[in-house]
Structures are given as structure tokens and as C-alpha cells.
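Below you'll find the structure, written out as C-alpha cells, and then a few comments.
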């Protein structure tokens, strides 16, 4: 019997269950999801579902992948039914080693780790899996649909992510960071497909965190569609340009929080250094999601520490209320009772 497994032909002795195939491959079922002919096989049915001649199988694994001054809550970041102390969400891609990824996640103080759901080798050349370095009991995993360029692929990837995390017993199984990209050059979101996918996923019970542009009108549509959080890009993904259009971010914050002050708006993409994070928080954003800003830094571990402090300082500054900007100087010392020459 011949099947196609992860794009390569493979001979099997005869029809077998998914569970038996996994055992033969030496794969831990809790680390993967299985598709047969593009249909997901729920983990609960691995012992009953059969692999037959001609089937095309995919083994999928987790990989790495303002508010008015003085009025900001000092409480936790709340997204749907999830609540966190840290307002920094960190990705798992682009690190030079799994050990560095693990140490940077720890240094960042994050509680939410976002991972891409992609078709990759289950293990690296040393036989190690990312889940050996990412404790699902410590972190809430936020699966994302990075690399999807149409609504259908994004929906399918979101469902795979839910299946994977249900098997791990991780609370992130009920949510997804939705990305539906328009093209590979700009990595800008496709607004029509993003809105379409949001509506479907919300109807299926997902708590959807939507990656979008900094368009205030689109942000309103996504919130109306039931998104648990709107995540406008500060600048293009991986560009390191920071928040290019703070005025649009201010409008998004004003619009989405007008009737719901606690609605979470999180900057996602483009952050290059700690000052970018601080600016996003000072604008009044509820959090920042980043990956390349840490993983691509010359000293990633030091940058992870910096990003942690930047979120905290930016949030404090936003709540403290900055002084107004003025054209001319204002003396900081009193002008009365000056010492004279007499």
C-alpha cells in the first residue's frame, strides 16, 4: 500500500489506523494533528480512522512561527475569557536556536506565546521538537495562521491549531490569531478575506484576535464581526519601523473603546526596539505582540529584557498623563524671590 505523507510517497504494509501509523513513526500524538485528504482527523478518532492506499496525509505540528491620561486600568490584560498580568505577547520564530528562544521567552516575562501552525518536519536535525522548549503548562499558546493567503486556508489552519492545543490541554485551544495576507511582498492583510474568516471562526466558537492594517474603518468592521481583539500593525511585518501612523492608532482606540473602554487593542507587527513598544503603550494600546524585534536583535536576550521593561514603562506613562507639548520653553524653577546682585 502506498500513501503520500507530508508530500513524499511512503509504502505501508497494509491498511492501518492513524494511531498505529503514529506509533510506527515514533510520533507523540499530543504533539500533532493529522489530516487525511485535507480532512482533519480528531484525536479522539485516531484508533478508529483508517489509512488506506492512495491517501494523502499531512502531519501537522506547532512551530515557531490612547486612552485619556489617568483613566487607564491598572488591572490585567483581558482578551475574551483570558486574563494575563503581562501585556507583551511574543512569537517563537527566527531564533538561532531553541535554547535561545526558551531563554528569551523567559526574559520577556510574557505569558502568551504565539506559534505558527505549519507543515514542517516534526523534529530538527537533532531530533528535538519545539514543544520540548515551550512548556504548555507555563504559557498560554496563541496559534496563528501566518502564511495563509485566503480565507479557506486560514480557517483550516485555525481548526488544526485548536485540535493540537486540545491534545496538549492548553487553554489557548479556544482562540486564534487570524492572519490572512494579501501578498508575499508586503505581507499586508487582505481585508475582505480577514473579515470573512473572522465571521466564520466566531460562529465556530473561536475567540479571534485579528491582525489588520491601521485602517480605523476596518477595525470597526472586525469588532462588529465579533473579534475578541483587533490587532493593527504598527508597520509592515518584520520591518522594524515602529508605529508609522500614530494618528490612525489613536482613532482606532477612540472608536473601539468609546462604548467599551476595556476592549483590547494590541499593536502587532513592525516593532523594532524598546522605544517602539513604549510609544505603542503610551498611545493607549493594551499590549504589543512582537517576534522579530527580539529574535532578530544582535543580543536577543538583552532585547527581551528591554521589551519587558518597555511595556511596563509605557503603560505607566500612559496612565500618568504626560505634560502638554509647547512651542516655547517654560522654566522649571520659580521666578519669584530670585537672588539679585544687591
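Brief remarks on what is shown
- Within the range 89-135, the set of residues being part of a helix (DSSP H, G or I) and either at pLDDT below 85 or more than 20 Å from residue 289 (Cβ to Cβ) (or both) comprises 98, 99, 130, 131, 132.
- Filter result for residue 146 (assigned by TED's automatic domain parsing to the domain that holds residue 189 and in a helix (DSSP H, G or I)): no
- Listed conditions (1) surrounded by fewer than 16 Cβ atoms within 10 Å (Cβ to Cβ); (2) touching a strand residue (DSSP E or B) at 6+ places or on another chain (Cβ under 6 Å) are all met by residue 229, apart from (1).
- Residues satisfying the stated conditions in the range 22-59, i.e. under 25 Å from residue 130 (Cα atoms), touching a helix residue (DSSP H, G or I) at 6+ places or on another chain (Cβ under 7 Å) and part of a loop (DSSP other than H, G, I, E, B): 42, 46
- Checked against (1) surrounded by fewer than 17 Cβ atoms within 10 Å (Cβ to Cβ); (2) in a loop (DSSP other than H, G, I, E, B), residue 187 passes all but condition (1).
- Scanning the range 149-173 for residues that are under 14 Å from the mean Cα position of the chain (by Cα) and surrounded by fewer than 23 Cβ atoms within 10 Å (Cβ to Cβ) gives a single hit, 173.
- Residues in the range 264-312 that are within 15 Å of residue 244 (Cα to Cα), in a loop (DSSP other than H, G, I, E, B) and in contact with a strand residue (DSSP E or B) (Cβ under 6 Å, 6 or more places away or on another chain): 271, 285.
- When every residue of the range 65-79 is checked against the conditions, at least one turns out to be farther than 30 Å from residue 323 by Cα and at pLDDT below 80.
- Single match in 180, 176 (criterion: under 12 Å from residue 116 (Cβ atoms) and either touching a strand residue (DSSP E or B) at 6+ places or on another chain (Cβ under 7 Å) or buried (at least 24 other Cβ atoms within 10 Å of the Cβ) (or both)): 176
- Filter result for residue 250 (farther than 16 Å from residue 88 by Cβ and either surrounded by fewer than 24 Cβ atoms within 10 Å (Cβ to Cβ) or outside the structural domain of residue 87 (by TED's automatic domain parsing) (or both)): yes
The values are calculated or read from the model by the stated rules, or taken from the named source; none is laboratory data. If you're wondering where the values come from, they're calculated on a predicted model, not measured in any experiment. Every residue, glycine among them, receives a Cβ derived from its backbone with ideal geometry; neighbour counts consider all protein chains shown.
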